[in-house]
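No lab work stands behind these numbers, since they all come straight from the coordinates. Since we're looking at a predicted model, the values are computed, not measured. Cβ placement follows ideal geometry from the backbone for every residue including glycine, while neighbour counts extend to all protein chains displayed.
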């Protein structure tokens, strides 16, 4: 069993915490909301044992990585800069980048913007959306407001600083377990919620009030796992992660210089049958077959939900190792 080694890098104006295992070609793992490096615990050990240098980051705003106060500090360009800085600090010339949830766009666009560094990309949950020409006056959150009508939308709920923080931090154990269970495959199997929720809910409700808490933990989540996540959020708070959502309106400008560019590196995409993100972006999932010329596969894991690498670690590891073997 490979040992997990914690480290810190001073780069890009912040402290970046990472956990690594193994020696070999570098694989960088980028987590999503509201997690930390720990979401990749199963992958670190499996890839290290297979001969890779596996490194999982606490992304900007999370865990033991810095949590800058300014919302503008969480732009996509700065976050990708963090990932590039880690590769350089580890004295590597190239890496494969793997992402999940918000770490998915980071991985996709890292590969798009820096093909000189990222030789391949694998993403769980969030499909690739190539940069597109949009009207200068378009504001993404205004479009979400229009689409939501008389409903609230979770990305909009996260916009106003302080509201979501107060809601979620009132009982961190409740909110963390609520996130992990409420969008897992287990909640569908347990009959607590039907498939197909699109992220909208009645105005006046809070995110925490919508969460379902299981009578017992899912078999993929132990009390120690939950404790780790709770302690991480108690240390950092939710604000850093929420600030990623508060930068949505900057995305078109960040991506504009790359309109017409293509991710030509080998790519792998995986998603769970009951993943709300993939389920609500089916067109984007299928369009990847034409937008990613070197897409090796689209893998759907039946019965799985959003937390794919934790719900089904063995299958995810098998597919990652198959992909890495293919590109080596």
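Thinking of region 4-50 as a set of Cα atoms, what percent of all their pairs are more than 15 Å apart?
48 percent
Over region 248-328, consider all pairs of different Cα atoms and compute the Kirkwood hydrodynamic radius from their mean reciprocal separation; express it in Å, one decimal.
After inverting the mean inverse Cα-Cα distance, the result is 14.3 Å.
Got a sec? How would 144, 59 order by Cβ neighbour count within 10 Å, fewest to most?
Sorted ascending by nearby Cβ count, the order is 144, 59.
In whole angstrom, how long is each semi-axis of the equivalent ellipsoid of region 175-224, when you take the square root of 5 times every eigenvalue of its Cα gyration tensor and sort them from largest down?
Over the Cα atoms of region 175-224, the semi-axes work out to 20, 13, 8 Å.
Kirkwood hydrodynamic radius (Cα pairs, Å) of region 140-245?
14.9 Å
Pairs of Cα atoms under 8 Å, at least six residues apart: use those to get the relative contact order of region 140-245, whole percent.
This gives 40 percent for region 140-245.
Quickly work out the residue 5-to-residue 264 label distance, labels modelled 7 Å from Cα along the C-beta direction, and quote it in nm with one decimal.
My value for the distance between the label points is 3.5 nm.
Relative contact order for the chain: what is it in percent, counting Cα pairs under 8 Å that are at least 6 residues apart?
Result for the chain is 21 percent.
I'd like the FRET efficiency for residue 170 and residue 77, computed as 1/(1 + (r/R0)^6) with the beta carbon distance as r and R0 of 30 Å, rounded to 0.05.
0.35
What distance in nm separates the simple spin-label points at residue 15 and residue 234, each placed 7 Å from Cα in the Cβ direction?
Label-label distance for residue 15 and residue 234, simple model: 1.9 nm.
Could you list 225, 82, 101, 198 in order of exposure, starting from the residue whose Cβ has the fewest other Cβ atoms within 10 Å?
Numbers: 225 17, 82 22, 101 25, 198 13.
Fewest to most other Cβ atoms nearby, the residues stand as 198, 225, 82, 101.
Evaluate Rg over Rh across the chain, taking Cα atoms for both radii and Kirkwood's formula for Rh.
0.93
Rg and Dmax of region 49-124, using alpha carbons, in Å: what are they?
My reading of the Cα-based Rg and Dmax gives 12.4, 40 Å.
Share of antiparallel DSSP beta bridges in the chain, in percent to the nearest 5?
35 percent
Over the Cα atoms of region 1-156, what Rg and Dmax result, in angstrom?
Computed over the Cα atoms of region 1-156, radius of gyration and Dmax are 16.6, 54 Å.
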